[in-house]
Amino acid sequence: MNDSKFQTWHEAVSWLIAQPEKLELMQACYYDKPLKSTAERYWNSEEWQAIQQFCPQHHGVALDIGAGNGIASYALAKDGWQVRALEPDTSDLVGIGAITQLVSESFLPIELFQELGEKLPFDNQTFDLVFARQVLHHAQDLQQLCNEIYRVLKPGGIFIAVREHVISSQKDLAKFLNHHPLHNLYGGENAYLLKQYLQAIKSAGLRVDKIIAPFDSVINYAPLTEESLKKELNKKINKIPGANIIYQLLSSKQTFKIFLKLLSRVDNRPGRLFSFVCHKPED
């Protein structure tokens, strides 16, 4: 039984947009308006700049799975990719309708498809890049989704999955869902164990090139930046003995990056974010 406040994600986001006190949350989720300006902001974000480092230099054909309102499809197309945007929701706010509007306003090479990721309507070995932002944890069948991604990738093609919720044990799932700022509105959120993501990816035949832990990259901790994250940490550090010494150590950019790496290793928050960079072997 669904005890959520709304029956559709469209209804939930419509309500959130109408709440002035939720503006910061909507901006963080890239649901603010106008959509073209929001998509442009995402393309210019530190998150996307970090993602670009893992994309192939050759801009061929890319698939954006679970494209939502189209911000990643827009960013890929702005970078020179021929984009296929796959999204099951028809909503003109958070689905195909929104992407249709974005394409009409931007004149970018984005072709739309309404379908689930477990049933990709594409031939084998079609794409040079498959991109998924906050998608794997929503999968109805995680293994089937990864199998389909493998099928449509060209040999040597890249699969990038970003901002996936991770839990340490199944009992953590309830804690994560109870504290998620949007789950109570519509539901639909989920999280997997890190080993479950990796098993599904590897069992599909993909090779994992990089596992990006929560504080390894702005890809995961956006909308915070390195500077805003440092400010938040300094607030907490000021409450403990020896704060000045710790603050001086973290004032070094190199030392701060090492600290973030260590923080990633001890982070056990239910629903913390991981990202994955993978490829399809050529042999």
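The values are calculated or read from the model by the stated rules, or taken from the named source; none is laboratory data. What you see is a predicted model; the values in this text were computed from it and never measured. Neighbour counts run over all protein chains shown; Cβ positions are idealised from the backbone, glycine included. The protein model used for the area step is the full one, side chains on, heavy atoms only, and it has no ligands, DNA or RNA in it. Shrake-Rupley method; radii C 1.70, N 1.55, O 1.52, S 1.80 Å.
Observations on the structure shown:
- Inter-part distance where region 94-133 and region 7-78 are each reduced to a Cα centre, Å: 13 Å
- Proximity of backbone amide H atoms, modeled 1.01 Å from N, is registered between L193 and I167 at under 5 Å, excluding neighbours fewer than 5 places apart on the same chain.
- When you restrict to C-alpha pairs under 8 Å that are six or more residues apart and normalise by the size of region 83-204, the relative contact order lands at 22 percent.
- Cβ-Cβ FRET estimate between S251 and N124, R0 fixed at 41 Å, reported to 0.05: 0.20
- Rg and Dmax of region 43-179, Cα atoms only, in Å: 15.0, 47
- Anchor K280: aspartates and glutamates whose Cα lies under 15 Å away (excluding residues fewer than 8 positions away in-chain): D128, E148, D209
- Per-residue Karplus couplings for region 192-201, computed as 6.51 cos²θ - 1.76 cosθ + 1.60 with θ equal to phi - 60°, are listed in order as 10, 5, 4, 5, 6, 4, 5, 5, 5, 5 Hz, Gly and Pro entered as x.
- Candidate aspartates and glutamates - alpha carbon under 17 Å from K236, same-chain residues fewer than 8 apart omitted: E226, E227, D267
- Amide H contacts of L153 (H built 1.01 Å from N, in plane; Pro and chain starts excluded): Q125, T126, F127 sit under 5 Å, all sequence-distant by 5 or more or on other chains.
- One quarter of the convex hull surface built on the alpha carbon atoms of region 89-160 amounts to 5.2 nm², the projected area averaged over directions.
- Of all accessible heavy-atom area on the chain, the percent that carbon and sulfur account for (1.4 Å): 52 percent
- Mean projected area of the Cα convex hull of region 224-283, taken over all directions, amounts to 6.3 nm².
- Taking every lysine pair in region 1-119 that is 8 or more places apart or spans two chains, those with Cα atoms closer than 22 Å amount to 5.
- Ratio Rg/Rh, restricted to region 34-108 and using Cα atoms, in which Rh is the Kirkwood radius: 0.95
- Structural descriptor for the chain: relative contact order 19 percent, calculated from alpha carbon pairs under 8 angstrom and at least 6 residues apart.
- Computed from phi, the 3J(HN,Hα) profile of region 173-186 under the Karplus parametrisation 6.51, -1.76, 1.60 (θ = phi - 60°) reads 4, 4, 4, 4, 5, 5, 9, 5, x, 10, 4, 5, 7, 9 Hz, with x in place of Gly and Pro.
- With N counted as the residues of the chain, its alpha-carbon radius of gyration over 2.2 N^0.38 Å works out to 1.02.
- Probe 1.4 Å, protein heavy atoms only - accessible area per residue of the chain in square angstrom: 50 Å²
- Considering all C-alpha pairs of region 1-57, those separated by over 15 Å amount to 60%.
- Debye log10 I(q)/I(0) for region 122-226, one point scatterer per Cα, at q = 0.20, 0.24 Å⁻¹: -1.13, -1.40
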